[in-house]
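One structure below.
The values are calculated or read from the model by the stated rules, or taken from the named source; none is laboratory data. The structure displayed is predicted, hence computed values, not measured ones. Because the Cβ atoms are built from the backbone with ideal geometry, glycine has one as well, and the counts that use them run over all protein chains shown.
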Amino acid sequence: MGSFVGSDLLAGAIGQKIHLSNEPCLLVDLGTNGEIILGNREQMLCASTAAGPAFEGAKISMGMRASSGAISSVKAIKGGLDCHILGGGKARGLCGSGLVDATAVFLDQKLISPNGRVQNNQELPLSGNVTLHPCDVRELQLAKGAIAAGIRVLIREWGMEESTIDKIHLAGAFVNYLNLNSARRIGLLNFPPNRIIPAGNSALYGAKQALFTIQSSLETCDRVLSTCQHVSLNDHPEFMNLFIEDMGFPASSP
C-alpha cells in the first residue's frame, strides 16, 4: 500500500469492511510499526509510523510479552494498587497493557507529571520487585506520541475532526488486554471508548476471509489499492510538531 504499509493493513481494512462504509472509519494496528488507515467506500488514506516496541514490552526495564507472570493490568485501590498477573503467582515483569495502565494510574496520582517526569526521578513500585522506571515512561511517550500524531495527520489530510469519526477499529496483539480508558488517559487514543472496536489480529481475519472468496477478494484488493493514497509522515510538514505535542500526557482524565 505504501512505504512500510504492507498487505497486512490491506487485509485488515478489508476484513473490517472499511471499504464498504459510507462514513470514514479508522483502523489502527498497534505494534512496533504502527500502521493506520482512514477511509470509506470512496477514498482511503494510509500511513506508517515507527512506534517502537514499548507496546510489546520491549525496551522496558522489566518488560515482557503477555505471558505467565506479566502484569497485564493495574488499578488503584484504597491503600495501594491492584495488579493482575497473567497465570497467577508472582509478578515477573510488565507487558504493554500493564505499562499503559500503570502510567494512567500514576498520572492520576500525580506521581507522573504531564511532561512525563516521574516524581523524584525514582522507580515506582507495582507488585513484588516489579517497578515502573522513568525510562519506561519515556519509551511509552515516544510510542504513543508517534501513533497519536499519525492519526491526527491523516484526519487533517482528510479535512475532518476527530469528533466526527464514529468507528475506530483497533488491532494488535496487546489490544486483547488494553484498557481503553487508560489508553485515552495517556493520550494514545483521543476517542470515547464506546467508539473503539477491538479488532484483534485483523490481518489474519482478513486473510481468512480472502481464502474463501479468492477471486472477489483480489478484485476488492485492486479496488482498495486504486482508491488509497499513502501519506509519508517523514515528509509531512506537520508531523514532527504534532509528535512533540502528543508526547506529553493530558493534564487530567478526559
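Looking at ALA199, ALA210, which is the one that is assigned to a helix (DSSP H, G or I), surrounded by 15 or more Cβ atoms within 10 Å (Cβ to Cβ) and small (Gly, Ala, Ser)?
Every option except ALA210 fails the conditions.
Identify all residues within the range 213-238 that are surrounded by 12 or more Cβ atoms within 10 Å (Cβ to Cβ) and among the hydroxyl-bearing types (Ser, Thr, Tyr); write none if there are none.
Here is the first cut: in the range 213-238, the residues surrounded by 12 or more Cβ atoms within 10 Å (Cβ to Cβ) are 217, 220-221, 223-225, 227-234, 236, 238.
If the condition is that a residue be surrounded by 12 or more Cβ atoms within 10 Å (Cβ to Cβ) and among the hydroxyl-bearing types (Ser, Thr, Tyr), then SER217, THR220, THR227, SER232 are the ones that fit.
Could you go through the range 214-230 and let me know if any residue there is at pLDDT below 90, within 30 Å of HIS84 (Cβ to Cβ), assigned to a helix (DSSP H, G or I) and aliphatic (A, V, I, L, M).
No, the conditions are met nowhere in the range 214-230.
Does LEU45 count as touching a Leu at 6+ places or on another chain (Cβ under 6 Å) and under 22 Å from GLY150 (Cα atoms)? Before the answer, list the steps.
Numbers: touching a Leu at 6+ places or on another chain (Cβ under 6 Å): yes; under 22 Å from GLY150 (Cα atoms): yes.
Spelling it out, LEU45 is indeed touching a Leu at 6+ places or on another chain (Cβ under 6 Å) and under 22 Å from GLY150 (Cα atoms).
Please state which of the following conditions TYR205 fails to meet, knowing it meets all the rest: (1) within 19 Å of ILE18 (Cα to Cα); (2) touching a strand residue (DSSP E or B) at 6+ places or on another chain (Cβ under 8 Å); (3) assigned to a loop (DSSP other than H, G, I, E, B).
So TYR205 meets the others, but not (3).
List the number of the failed condition for ILE37; all other conditions in (1) over 22 Å from HIS236 (Cα atoms); (2) in a strand (DSSP E or B) hold.
So ILE37 meets the others, but not (1).
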